[in-house]
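Read the structure below first, then the notes.
The values are calculated or read from the model by the stated rules, or taken from the named source; none is laboratory data. Owing to the predicted nature of the structure, the values given are computational and were not obtained by experimental measurement. Don't worry about glycine lacking a Cβ; one is built from the backbone with ideal geometry, like all the others, and counts go over all protein chains shown. Remember, those area values only see protein heavy atoms, side chains included, never the ligands or the DNA or RNA. Shrake-Rupley method; radii C 1.70, N 1.55, O 1.52, S 1.80 Å.
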Amino acid sequence: MAKPAIYVARLLVAPVMAAIHERFELTLEPNASPPARDTLAQGLRRAEAIIPTLTERIDATLLQEAPRLKVIANHAVGYNNIDLPAATARGIVVTNTPDVLTDATADLTWALLLAVARRITEGYRLVQTGAWTGWEPTQLLGADVSGQTLGIVGMGRIGQAVARRAMGFGMTVLYASRTSVPSPDSMAPWRQVTLETLLRQSDFISLHVPLTPDTHHLIGGKAFSLMRPAAILLNTSRGPVVDEAALAAALNDGRLAGAGLDVYEEEPKIHPGLLALPQVVTLPHLGSATLNTRVRMGVLCVENVLAVLEGRPAPNRVV
Ligand code: GLV
């Protein structure tokens, strides 16, 4: 029997590519870099399924050129890169990869939090450049983490995983979310507050909302005016949730102490005002970047595609 035709937009990790080659016929061999729009359209023309990543914008025009497409298995938990109404109008199922990347993304959020608070990248540079002349009582003094207040904006799976890790640091957890989420019995209660209260009272503010029209620039000039000057902002969600120009201005004016960023408004571009600041730690969108996580994400995409093509309910259907 002929294998179903699939378009995989980017080269995924080897075990996932092997599983895809075994079960599907690829309409085009993927590259490591993002495909040009023409290539994307060409890959989609014969495909019954596509596995895009967060760098591919799957819009209505592109879907018109995909007459056989039945399923879009997005290789990400966020799906703001896909025009959901256009997919639904064409009867195309859209799926994502929740759960499997929760721990990896929460771990990375903590790596950023600690890096900014304790000035890890500044210290690293000092040593690496040979500029370190020895221990000094006033050198690179950072911010306390233990016992401080962590504010989590968006208390979904990843927000909760970040909050659970705060227990080891004896932190108070505030959160702003549409739904209320009880803390595990073993932990000090997480307190649900308004976004305004969270911004006013938190020492660390970590963003975990999906990107939607409602959350676009959720953290902008007004939010920065409410934050404590000693506060540190962390973003491992989606870049456009933060107004980068306003963030650069707030950091420059001393209205905010630092930022740890994994995502940007127009990746891979980064606002130049952020690159110049020592108190900003910038990572290249590494939230889910562990081999184990990427294997599990790819496997989930394959399972979702097979379910749809075999007429079964997709385990991670978005629409
Ligand atoms: C990564 O950013 C994802 O949404 O999976």
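For region 181-300, the share of accessible area belonging to carbon and sulfur comes to 58 percent (1.4 Å probe, ligands and nucleic acids excluded). Positive contributions from Lys and Arg (+1) and negative ones from Asp and Glu (-1), summed over other residues with Cβ under 15 Å from the Cβ of residue 316, come out at +2.
Of interest is the spacing of the C-alpha centroids, which for region 264-294 and region 240-256 amounts to 15 Å. Simple spin-label estimate for residue 38 and residue 249 gives 4.1 nm between the two label positions (7 Å along the Cα-to-Cβ direction from each Cα). GNM on the chain, alpha-carbon springs under 10 angstrom: the most fluctuating residue among 48, 136, 303 is 136.
Over the residues of the chain, the helix contribution to mean residue ellipticity at 222 nm works out to -9500 deg cm²/dmol, using -39500 (n - 2.57) for each DSSP H run of at least 4. The angle between the Cα long axis of helix 14-23 and the longest principal axis of the Cα atoms of the chain comes to about 20 degrees, rounded to the nearest 10. Count Lys and Arg as plus one, Asp and Glu as minus one, and take only other residues whose Cβ is under 11 Å from that of residue 139; the net charge is then -1. Under the simplified labelling scheme, the residue 167-residue 146 pair shows an inter-label distance of 1.8 nm, with each label point 7 Å from Cα along Cα→Cβ.
So what's the gap between the Cα centers of region 169-212 and region 126-166, to the nearest angstrom? Each part reduced to its Cα centre gives a spacing of 18 Å. Around the Cα centre of region 4-146, unit charges on the Cβ atoms of Lys, Arg, Asp and Glu (plus for the first two, minus for the last two) sum to a dipole of about 320 debye. Heavy atoms of the protein chains alone define the surface here; on that basis the chain has 47 Å² accessible area per residue at 1.4 Å probe size.
Descending by average beta-carbon neighbour count within 10 Å, the peptides 154-166, 25-37 line up as 154-166, 25-37, the highest first. When the Cα positions of 258, 111, 74 are compared along the charge dipole of the chain, 74 comes out farthest toward the positive end, with charges on each C-beta of Lys, Arg, Asp and Glu.
With the charge dipole of region 102-282 set up from +1 on Lys and Arg Cβ and -1 on Asp and Glu Cβ about the Cα centre, the Cα lying farthest toward the positive end among the listed residues 195, 121, 181 is that of 181. Between 291, 251, 12, the GNM of the chain built on Cα springs shorter than 10 angstrom shows 291 fluctuating the most. Computed from point charges on the beta carbon alone (+1 for Lys and Arg, -1 for Asp and Glu), the dipole magnitude for the chain about its Cα centre is near 400 Debye.
Among 133, 97, 109, the residue with the largest mean-square fluctuation in a Gaussian network model of the chain, with springs joining Cα atoms closer than 10 Å, is 133.
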